[in-house]
Amino acid sequence: MSRSTRILTLLAMVTMLSQPVTAAVDASWIHIEVRESGAETSRVNVNLPLSVVKLVAEMAPEKIFKEGRLQLDGIDDHLNMEEIQTLWQELRQAGESEFVTVEDRNANVRVRVEGDHLLIDVEEHARAGSDESATDSAESVKVKVPVSVVDALFQNNDGSLDFPAAIERLAEQPGEIVRVEDDDATVRIWVDER
């Protein structure tokens, strides 16, 4: 995934994580930090109150975002929100566990619940490119989401994700949510009170 695509994806994720509904959310900020090195060194910092993110989400078309809920059913015939919600409930009942481990020559992937967090780690290994002199850089993606945030996302049984409830839970448990690193760039997303 190119840096531009990764950055746009992360910004879209931030836009979708919206609609704060409590005082804790009003005091919370979301931060995005992008640092690129190499020939085109740059640094981008975005610091927004979650209340501003709410306004951005309200501009989304109603068929996508309705009353703060991301509408997923009907977008893809293969995506059944009720099945995903049921799957999460089953995984949640398993408690602290490692659910997925993939180790191969290209990457290592781990999905697990540790303590009160859902953790997803992807470590891509550096590998030689098609040109003998070129190599692809190693990349690391780390996602750490409080279990209560995932619970809040899936609390509705209507084919939607409840972002207002998830944001409320996220504001109650500040910290780093996403970190992406490769040889040329680092992207971080975190929530805190400012």
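The values are calculated or read from the model by the stated rules, or taken from the named source; none is laboratory data. Remember, predicted model here, so these are calculated numbers, not experimental data. No Cβ is skipped: glycine too gets one built from the backbone with ideal geometry, and neighbour counts run over all protein chains shown.
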Item checked: Subset tally (residues that are touching a helix residue (DSSP H, G or I) at 6+ places or on another chain (Cβ under 8 Å) and either closer than 19 Å to residue 139 by Cα or in a strand (DSSP E or B) (or both)) for the range 183-194 -> 6
Next item on the list: Return the total of residues in the range 94-116 being outside any strand (DSSP E or B) and either touching a helix residue (DSSP H, G or I) at 6+ places or on another chain (Cβ under 9 Å) or among the aromatic types (Phe, Trp, Tyr) (or both).
Entry: 2
Notebook entry, point to check: Taking into account only those residues within the range 100-123 that are surrounded by 12 or more Cβ atoms within 10 Å (Cβ to Cβ) and among the hydrophobic types (A, V, I, L, M, F, W, C), which is nearest to residue 147 (Cα to Cα)?
Noted result: 118
Next item on the list: Name every residue in the range 144-168 that is at pLDDT 85 or above and under 18 Å from residue 29 (Cα atoms), in order of residue number.
Entry: 144, 145, 146, 149
Next item on the list: Mind listing just one residue for me: the one in the range 142-167 that is outside any helix (DSSP H, G or I) and without any contact (Cβ under 8 Å) to a residue 40 or more places away in the chain and, of those, surrounded by the fewest Cβ atoms within 10 Å (Cβ to Cβ)?
Entry: 155
